[in-house]
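Asker: This is the structure I have questions about; it appears just below.
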Amino acid sequence: MRDSDETTADSGRDFDLRDEYSATVNVFLHFSILGLITLVTGRPFLFPSLGPSAYLMATGEQPRAEGAYHVIGGHAVAVAAGLIAYALVGNEVSAYVVFDRPDIAFSWELIYLSASATLAMMLTTTTMLLTKTNHAAACATTLIIALGLMGGLEDALIIVVAVAILWYFHDRVISTLAERYGFKPRDAREE
C-alpha cells in the first residue's frame, strides 16, 4: 500500500472527488452570480465575509450553514452590531486610511478602531447566542463594518441583500440541482 493510500485508509474516509468537485462548483456558481450583480450594479455585492458563508454552504456544513435563519439572520445581527459599535466609538475612522499612514502606533485612530471592533464582536456574539442565529462567518461581517471598511445604511443593506441572494441561490437552485444529479457533498463533520 502506498503512503497516500494508507493516509486515506487511516482517515476513515475514502477520497471522493465528487464531494470536492461539487463544493468547488458550488462556490464558483455562488460567486459568479454575485460577481455579475456587482458588475451590473457597481455596488459591493462581493465582500470578504461571504467567503466563509459560501464555503459552509458549498461543503454541506449543516444546519448552521444552510438555514436562512442562521445565514441571513447571523449576518443581519452582525451588520446591526457593527453599525452600532462604529457609530458609538468608531469616530468615523477607516482602517483603509489609518493603516495607509506611516507611524500609526499608539494613535487615537487605532484606539477607536480597536474599541469599535471589540464592541462589535461583543454585541454580535451576545446577540447571535441570544437569537440562536449562530453563524460564525458573520463575525467577519461585523468587523468589516466596525473597522470602517464598509458602512452606512446603503452598504448595510447591500450586505444583507447579498447574503440573502447567496442563501436563496444556494438553497433553491444549487442544492436542488445537487440533489437531482447526485453531487451534493457530505457534511465533513459526519465522517
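Asker: Work the Kirkwood hydrodynamic radius out for the stretch 75-191: mean of 1/r over every pair of different alpha-carbon atoms, inverted, in Å. Could the numbers behind the result be given before it?
Answerer: On the way: mean 1/r = 0.0632 Å⁻¹.
Radius from the Kirkwood sum: 15.8 Å.
Asker: So if each residue of separation counts as 0.36 nm, and I subtract the Cα-Cα distance between LEU36 and SER175, what length gain in nm does that give? Intermediate values should be presented prior to the final figure.
Answerer: Working: separation 139, 0.36 × 139 = 50.04 nm, distance 2.01 nm.
That pair, LEU36 and SER175, stretches by 48.0 nm at full extension.
Asker: What order do you get for 153-159, 101-107 when each peptide is scored by the mean count of other beta carbon atoms within 10 Å, highest first? Intermediate values should be presented prior to the final figure.
Answerer: Numbers: 153-159: 16.6, 101-107: 8.3.
Averaged packing, sorted descending, gives the order 153-159, 101-107.
Asker: Using Cα-only point scatterers and the Debye equation, what is log10 of I(q)/I(0) for the stretch 118-174 at each q in 0.13, 0.21, 0.28 Å⁻¹, rounded to two decimals?
Answerer: -0.38, -0.89, -1.15
Read-outs throughout are calculated quantities, based only on the coordinates presented, and are distinct from any laboratory measurement. Because the structure is predicted, anything quoted here is derived from the model rather than measured. FYI the Cβ positions are ideal-geometry reconstructions off the backbone, even for glycines, and counts take in every protein chain you see.
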